[in-house]
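To keep things clear, I will list the structure first and then write my remarks on it.
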Amino acid sequence: MGLLRRSVFSGLGMAALSPVVAKASVTVPMLVGEVGAPNLKRLCARIADAQDQVIGMKLTVENISLPRLKAEIEEGDVYLFAEDVEVVGTDVAIWLHGSIVFDGFFIPKFGGMHQGTLSYGLAPVDEALVRLNSEVRLVEERFSL
């Protein structure tokens, strides 16, 4: 009995001392930078491509009001529109120094098609669940004017 117990404990000791390297099994895109009229369509398309997946955003978006391009925030409601895709959300961004600022993680949810426009809503995700998860690897995607 003593020999069996020693072999079990010695095996546990070696396992405890061996380094464990966790590999990231989930890749989360992190959109970073500045968005204006030239690249708003790219942002809306990128958000649509991430439907039902976690996406990070650390972006400053110019206030835009053109016929086929819009980026607005009013009382916490964000509205982004580029040709045939709209992105909406409540309390997902703030108004700071004349721009819309996103800083967090979201899941874009499909809201249907309305008069030929694909609609997506941003559902906030707890940042700690993403950043503290060892299986998540953030991959930066730059937006610049």
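The values are calculated or read from the model by the stated rules, or taken from the named source; none is laboratory data. Remember, it's a predicted structure, so these values are computed and weren't measured experimentally. Reconstructed Cβ throughout: ideal geometry from the backbone, glycine too, with neighbour counts over all protein chains shown. The protein model used for the area step is the full one, side chains on, heavy atoms only, and it has no ligands, DNA or RNA in it. Shrake-Rupley method; radii C 1.70, N 1.55, O 1.52, S 1.80 Å.
Taken as Cα centroids, region 22-60 and region 85-108 sit 12 Å apart, rounded to the nearest whole angstrom.
A simple spin-label model places pseudo-atoms 7 Å from Cα toward Cβ; at Arg142 and Asp84 they are separated by 3.1 nm. Label zone (Glu34, point 7 Å along Cα-to-C-beta; backbone nitrogen cut-off 11 Å) within region 62-88: 62. Measuring nothing but protein heavy atoms, the accessible surface of region 102-142 at 1.4 Å probe radius is 52 percent carbon and sulfur.
Between Val28 and Arg137, Leu138, Val139, the built amide H atoms are under 5 Å apart, and every one of these is 5 or more places off in sequence or on another chain.
For the residue pair Ser25 and Ile107, what label-to-label distance in nm results when each label sits 7 Å from Cα along the Cα-to-beta-carbon direction? So the label points at Ser25 and Ile107 sit 1.8 nm apart.
At the listed q of 0.13, 0.19, 0.23, 0.24 Å⁻¹, the Debye profile of region 52-137, built from one uniform point per Cα, gives log10 I(q)/I(0) equal to -0.45, -0.88, -1.16, -1.22.
Sorting the segments 86-94, 111-119 by their residues' average number of neighbouring beta-carbon atoms within 10 angstrom, most packed first, yields 86-94, 111-119.
Distances between every pair of Cα atoms in region 33-94, grouped in 5 Å steps from 0 to the bin holding the largest one, split as 4, 18, 30, 30, 15, 3, 0 percent.
Per residue, region 23-145 exposes an accessible area of 55 Å² to a 1.4 Å probe, with every protein chain left in place.
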